[in-house]
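Here the structure comes first, spelled out in structure tokens, and everything after it is commentary.
Every number in this text was worked out from the coordinates using simple rules, so none of it is lab data. None of the values given here were measured: they were computed from a predicted structure. Cβ atoms come from the backbone with ideal geometry, glycine included; neighbour counts cover every protein chain shown.
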Amino acid sequence: MGCAMNRIFDIIVVGGGHAGCEAAAVAARMGVSTALVSFTRDSIGAMSCNPAIGGLGKGHLVREVDAFDGLIGRAADAAAIHYRMLNLSKGTAVQGPRVQADRKLYKAAIHRMLDGQDNLTIVEGEVASLVMTESRVSGIVMADGSTIEAQAVILATGTFLNGKLFRGEERLEGGRTGEAASVSLGQQIRDAGLPIARLKTGTPPRIDGRTIDWAALPEQPSDDDGWTMSPLSKGRMVAQTFCAVSRTNAGTHEIIRGSLDRSPLFSGAIDAQGPRYCPSIEDKIHRFADRDSHQVFLEPEGLDTHLVYPNGISTSLPADVQIAFVRSMDGLEKAEIIVPGYAVEYDHIDPRALDRSLKVRDLEGLYCAGQINGTTGYEEAAAQGLIAGIGAASLVQGKDAPALDRGTSYMAVMIDDLVLQGVTEPYRMLTARAEYRLRLRADNASTRLTPIALALGCVAGERADWFGDRQRARDDIFKILESVYSSEDLVKLGINVRRDGTKQSLFQWLRFPNITIASLEDLETCLKTGDADLMAEIEEDARYAPYLERQESELRDLRANEQIGLGNDMDYAVIAGLSNEMVERLTTARPDTLAAASRIRGITPAALAAILVHARRRDSRNIAA
Amino acid sequence: MLSADDTIFALSSGQPPAAIGILRISGPRAGQALEALTGNLPKPRVAGLHNITNMVNGELLDSALCLWFPGPNSATGEDLAEIHCHGGRAVIRAIEAALEQIDGLRRAEPGEFTRRAFTHGKMDLAEAEGLSDLLFAETELQRKAAVRNAGGGLSRKIDDWQQQILALSARVEAELDFSDEDDVAPEQVAEIHNSVRPLVDEMGNLLERPRAEKLRDGIRVVLGGPPNSGKSTLLNALVEREAAIVSDIAGTTRDVIEVPIALGGIPFLFIDTAGVRDSGAETIEQIGIDRARQQFSAADIILWLGEEGQGPAQGNLIEISSRCDHPDHQPKASAAFTLSPVSGRGMDALVDHLIIRAKDILPDADQVSVNARQAGLLSTARDALSAVIDETDYLIVAEHLRMARKALDEITGKASTEDMLDGLFGKFCIGK
């Protein structure tokens, strides 16, 4: 194959991280010819930061991507060496499935799935630039001079845009340690007038596990009840390990406080905004001076590596300070650092320049997904990759991408937040962001989304079969739960309810926290045969049913306002009564509907009424003309 | 069909006759209309005396103070003209008729000026509602309370609650999203319950206060008693005494006469159940009694002119011994007032007493009060917070707090999830 030969695909995905892999894979699953371009084949599917996948809010995203037959859930299970369901003591709506994944196994699982995927070609090489006119992107130019043409290009380049590393007084160019930053591509995006801002993030030092005194530290074992990230995975696939927990102490804080002047965060070298919720240890100690200790999870990075990731002490202090404060903690007195921590400052695109399919609004054929949009985390990246891949493939196939809204998925909550609010810090998913989280549970992601995925055509046979069986089982159980029983019937089973003669369906009885499906099995023996996960999901549906019903009317309002289109070309400056600040925010975010406009910060009902009136007038003029 | 593009006009002062009448014109043709009446457009925001002439026949209608406010810097946010003319009915009618002849102008619907001000971002919802009460305010007391709400007294109160609930939400969300990772100290749900209690009480207190509409609609005084017990005579006597400030008498239903009267600057609505029992037919009689009962139960004060002890058993009933100068007069043993509407005997004492009673019933003009819409939302918020008190499932606590925030947001129309996240991250050390 000649190096200058031109190739043609429907879609090119640039970058083989979590966003890129999901984008390429879903486009290919939809039957669109897709190229996944990565600097090296080996770097595809790398877990570049911490070795964990999932967590609160993030676990929801993993399950949702999985419900579209995505990769991340199954790859996480294939590589998981430690499972932990966070928030187990609280309702399932806020329970967060989280695993520690072996890096090598994870990457191998991703490669296995990509290699077995039809319509997907992996292209190794460096992307020099985009093939771009003023209004359209139609391919890429590789560093070797060859071009690849496509109808859509998805940029999933992570932090590679003008990344700069900071460690104490040291400065390095590049995204991650040992990788080159794509400066030329970044320059081209800047030149195209895309709004660019800067963010920072950080990593902790990596510790040699052989130098940790594990015996001195409390252990956190892997959950033993066999739950998995993806319902298609079959239990534990590899040996399980354990994490340990250490803590910072007064001595640690003293060392850090005494060295703050050597941190680029405090010397002013980094002025980009870091995350509120994932601050560096020096930030935590500076901002929350009243706390005398912070927990540090020691997470093994894999089965055949000694690297340990100390979750909770991300830092950009000089290496000598890092070793000193690490050794001040219990169990780490003799710890050796293999790779010191560092902070990264990087460019990202203001996601308000994107539409809800993550396409650049003013540029046909260009999509952006993942950290490039100002988010943090594998899960956020994977979900964006999925959405961008679906958007681009739908464009190629000439169909509408499915409409997801804040009432159906965390993915839509994230996209909506990004394209309307933009980011002021790396965006991380939280359950608190989802107003309708009682219905958006990690345990019902398949029920919520797989039907949409099936209609879209991005679900392979194995999941389609599994889901079909599950839906039938679900329908059967719901039918049984329609049977009406009285309080007396329940008392006879030994269930503690008021004997007031109330008669209601079993589904309604399940609203009481002390009633479970298992406790009703003697009334309806068919309930005995059901799958445990499905039963748990239905119990939770019943538990929160009154709240879900109340939310319905809210969602109806929301969806009605989603029907009122504002269009891409609304001139907010001419609408009387809007403040300059409102005009600026609206013009930047360009909400596509009235509902979207209502979610932009600082937009009052009076402003909304004015926008509505303006839109109505404009529409009636357009009809008249 | 009404259009927001129309130019609207209306008499925005009280019903004529009065010392002056203020006509307001708002919309794209307001300037043109003013020019048509005065011959030229006055300088913006400068009051000047102008001759108002009928542009069809050149007849001089009045000499009036005219004001011109080009939009958006006007009360409605649109071009706005004001004509302060003499307050006689004929003058006002003549100017209104002249305005009606101008192409593109029409009479405003009730509340339309306020709605336009709201639409053009001149006020938030709570302010808009305060203003609508202000526009209705006919008495000094009403005006004070309305100014208080329009100036944001209610908004401030609700802002304060919102801040407190946001802080609670932040604590609960921290518990939900972060406690498992030891970023925040575990929250005791009982502490959340304790923090909610005072809010529930405060909201309850505001809800128990008389509604803002009471100021607008007046104290409901129902005159009760059989036909010919002197109800109409008493009503007429009250009306005549205050004839200068009585509005038009309007029968709101076939059976009930409602008369708004201001006594001592306080708005009253006198309701005469006259006619209730005037019909002989048994079934109609029954309907009449039912209606009277409804009136009694909605009354703030009942003046009972019937036989002693035969009135509805309500604490707000005042026994009246009326027509004391009538030859058939049977004095009541324990009448609070003995009256002769004809001679005026006892009337001053009754009026004084009504004013004193009314002051207890009306919201204090210096206090924040809520109207019915606001009360509905406020009780939704209060109920949601009450539900928090026995709840131990944090998810449900969070959902109730969210519903409370949403209801309060609807009163003022502000805030978002982001505000709550700000509260969350400002207070806690979170993260790995």
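So the values come out like this:
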read-out	value
Positive dipole terminus of chain A, leading residue within A:Gln371, A:Leu608, A:His82 (C-beta point charges)	A:Leu608
Unit charges on C-beta of K, R, D, E only; dipole of region A:26-165, Debye	740 debye
Label point 7 Å beyond Cα of A:Glu254 along Cβ direction - residues of region A:298-330 with amide nitrogen under 16 Å	A:324-330
Length-normalised contact order for region A:287-446 - Cα pairs under 8 Å, 6+ apart - percent	16 percent
Chain A - mean residue ellipticity at 222 nm from DSSP helices (-39,500 (n - 2.57) per run, n ≥ 4, rounded to 500)	-10500 deg cm²/dmol
Cβ-Cβ FRET estimate between A:Asp571 and B:Arg345, R0 fixed at 51 Å, reported to 0.05	0.10
Region B:1-94: GluC sites (Glu not before Pro) in DSSP loop, at most 13 other beta carbons within 10 Å	B:Glu59
Zone residues, region A:228-257, relative to A:Glu333, backbone N less than 20 Å from point 7 Å out along Cα-to-Cβ	A:244-256
5 Å-binned pair-distance histogram of region A:291-361 (Cα, whole percent)	3, 12, 18, 19, 11, 7, 8, 10, 7, 4, 1
Residues in region A:533-550 reached by a label modelled at A:Arg498 [backbone nitrogen below 14 Å; 7 Å Cα→Cβ]	none
Assigned charges on the beta-carbon of Lys, Arg, Asp, Glu; chain A dipole about Cα centre (debye)	920 debye
Charge dipole of region A:305-398 about the Cα centre (unit charges at C-beta), most positive-ward option of A:Leu386, A:Ile338, A:Pro318	A:Leu386
Interatomic Cα distance distribution for region A:506-576, bins of 10 angstrom, percent	17, 30, 18, 14, 11, 8, 3
Where labels lie 7 Å past Cα in the beta-carbon direction, separation of A:Ala518 and A:Ser43 in nm	4.9 nm
Whole-number D in µm²/s for region A:231-352 (Stokes-Einstein; Kirkwood sum over Cα pairs; 25 °C, 0.890 mPa s)	152 µm²/s
Using a Förster distance of 22 Å, the FRET efficiency for A:Val238-A:Leu307 (Cβ separation, nearest 0.05)	0.85
Surface/4 of the Cα convex hull for region A:1-50, nm²	4.2 nm²
Segment A:Leu172-A:Phe288, extension gain: residue separation times 0.36 nm, minus the distance between their alpha carbons	38.8 nm
Pairs of Cα atoms farther than 20 Å apart, region A:52-161, %	58 percent
Length-normalised contact order for region A:71-203 - Cα pairs under 8 Å, 6+ apart - percent	14 percent
Dipole moment magnitude, nearest 20 debye, region A:526-565 about Cα centre, only Lys, Arg, Asp, Glu C-beta charged	140 debye
Under the Debye formula (equal points on every Cα, no solvent term), log10 I(q)/I(0) of chain A at q = 0.05, 0.06, 0.12 Å⁻¹	-0.24, -0.35, -1.31
Distance between modelled label sites at B:Lys406 and B:Arg93, nm, 7 Å Cα→Cβ extension	5.3 nm
Spin-label model distance (nm) - B:Glu59 vs A:Asp118, 7 Å beyond Cα toward Cβ	8.8 nm
Calculated FRET value between B:Asn73 and A:Arg559, using beta carbons and R₀ = 30 Å, to 0.05	0.20
